[in-house]
1. Among (1) out of contact with any strand residue (DSSP E or B) (no Cβ under 8 Å at 6 or more places or on another chain); (2) over 18 Å from I208 (Cα atoms); (3) away from the ligand (no atom under 15 Å from the Cβ), which single condition is T49 missing?
2. Which pairs turn up if I take residues in segment 235-247 that are under 11 Å from Y274 (Cβ atoms) and look for partners that are surrounded by 14 or more Cβ atoms within 10 Å (Cβ to Cβ) and hydroxyl-bearing (S, T, Y) with beta carbon separation below 6 Å, at least 6 apart in sequence or on another chain?
3. Within segment 89-103, is there a residue that is under 24 Å from A20 (Cβ atoms) and either open to solvent by 10 Å² or more (accessible area, probe 1.4 Å) or modelled with pLDDT under 95 (or both)?
4. Mind checking which residues of segment 64-73 are within 16 Å of the ligand (Cβ to nearest atom) and either out of contact with any Leu (no Cβ under 7 Å at 6 or more places or on another chain) or at pLDDT 95 or above (or both)?
5. Can you tell which of F190, F148 is modelled with pLDDT under 95 and not β-branched (V, I, T)?
6. State all residues of segment 241-260 that are under 14 Å from L217 (Cα atoms) and among the polar types (S, T, N, Q); if no residue qualifies, say none.
7. With (1) open to solvent by less than 50 Å² (accessible area, probe 1.4 Å); (2) of a type outside the set (F, W, Y); (3) more than 25 Å from F2 (Cβ to Cβ) as the list, and A106 as the residue in question, which single condition is left unmet?
8. Name the single residue that is nearest to F114 (Cα to Cα) among those in segment 158-167 being touching a residue at least 24 places away in the same chain (Cβ under 8 Å) and open to solvent by 70 Å² or more (accessible area, probe 1.4 Å).
Amino acid sequence: LFFPALQKDLDSKLFGQHLAKKVILNAVSGFISNPKPKKPLTLSLHGWTGTGKNFVSKIIAENIYEGGLNSDYVHLFVATLHFPHASNITLYKDQLQLWIRGNVSACGRSIFIFDEMDKMHAGLIDAIKPFLDYYDHVDGVSYQKAIFIFLSNAGAERITDVALDFWRSGKQREEIKLKDMEPALSVSAFNNKNSGFWHSSLIDRNLIDYFVPFLPLEYKHLKMCIRVEMQARGFEIDEDIVTKVADEMTFFPKEERVFSDKGCKTVFTKLDYYYDD
Ligand SMILES: Nc1ncnc2c1ncn2[C@@H]1O[C@H](COP(=O)(O)OP(=O)(O)OP(=O)(O)O)[C@@H](O)[C@H]1O
């Protein structure tokens, strides 16, 4: 495979996401090794909160640019932070287009990450659409080497249902295939009021290259996240504390308690309690 460093990072750092790992590795290494892509790479990452969507985006960025998210060529937009007021949409739209254009003119291989896609105003999605398409140039600028990564919780409930079905029938999580997730990531799934129909306008025009499902995380994955954090803080791994922190998290569904409802997101603050001196 073309991108051994990315593979190594995903294998060692990303827990419990065999589907996402595979799709992302193929998509990114294929795209980077293609000298003349016909359109920018567009990835849409879906899943429950705290399951690794931002984390993976960071790993991708770090493998392409030194400094990762801090690189001048990597841009992160968070809908509620950068585009908070619906009344300013026209302004945001112009700014966003100028910004994307300016950055891609300076570096063709710019990376744009849009977090909270499901909270993004439809007008803003329209504003980025032309950049995602199969055009050689848009006003003299070629966007074909750029990478756009969209993050959202859209489809998360359906992804979780599929994972739960597998769990209930005693099958291994790793047996879940991409094809099992197709219904969860289909146009109809996004067309309900909860996930917003932002997606259908991108899907209809085939502007998204890959839909990447993130599975809800289990107890054992939380423990893995906690161990990583302990080591990062320079502590020996203390399995007693690992268990205590993992036990403090809440799991769903109520009866079976299989999946963490915050993913790995809050394990780190819970750890503070044990190392507060
Ligand atoms: N699958 C995972 N493997 C390893 N670490 C993970 C995983 N998922 C989450 N983490 C850890 O938890 C932190 C929070 O996860 P992250 O921000 O990636 O969640 P997210 O899926 O983007 O959530 P949200 O939908 O709420 O934005 C990460 O920075 C990482 O340290």
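The values are calculated or read from the model by the stated rules, or taken from the named source; none is laboratory data. Just so we're clear, the structure is a prediction, and the values are computed from it rather than from any experiment. All Cβ positions, glycine included, derive from the backbone under ideal geometry; neighbour counts span all protein chains shown. The accessibility values were calculated without ligands, DNA or RNA, using every heavy atom of the protein model including side chains. Shrake-Rupley method; radii C 1.70, N 1.55, O 1.52, S 1.80 Å.
1. Unmet for T49, out of (1) out of contact with any strand residue (DSSP E or B) (no Cβ under 8 Å at 6 or more places or on another chain); (2) over 18 Å from I208 (Cα atoms); (3) away from the ligand (no atom under 15 Å from the Cβ): (3).
2. Close Cβ pairs satisfying both conditions: I241/Y274.
3. Checking segment 89-103: not a single residue is under 24 Å from A20 (Cβ atoms) and either open to solvent by 10 Å² or more (accessible area, probe 1.4 Å) or modelled with pLDDT under 95 (or both).
4. Within segment 64-73, G68, N70 qualify.
5. Testing whether each residue is modelled with pLDDT under 95 and not β-branched (V, I, T) leaves just F190.
6. If the condition is that a residue be under 14 Å from L217 (Cα atoms) and among the polar types (S, T, N, Q), then T250, S260 are the ones that fit.
7. Going through (1) open to solvent by less than 50 Å² (accessible area, probe 1.4 Å); (2) of a type outside the set (F, W, Y); (3) more than 25 Å from F2 (Cβ to Cβ) one by one, A106 breaks only (1).
8. Among those that are touching a residue at least 24 places away in the same chain (Cβ under 8 Å) and open to solvent by 70 Å² or more (accessible area, probe 1.4 Å), it is R158.
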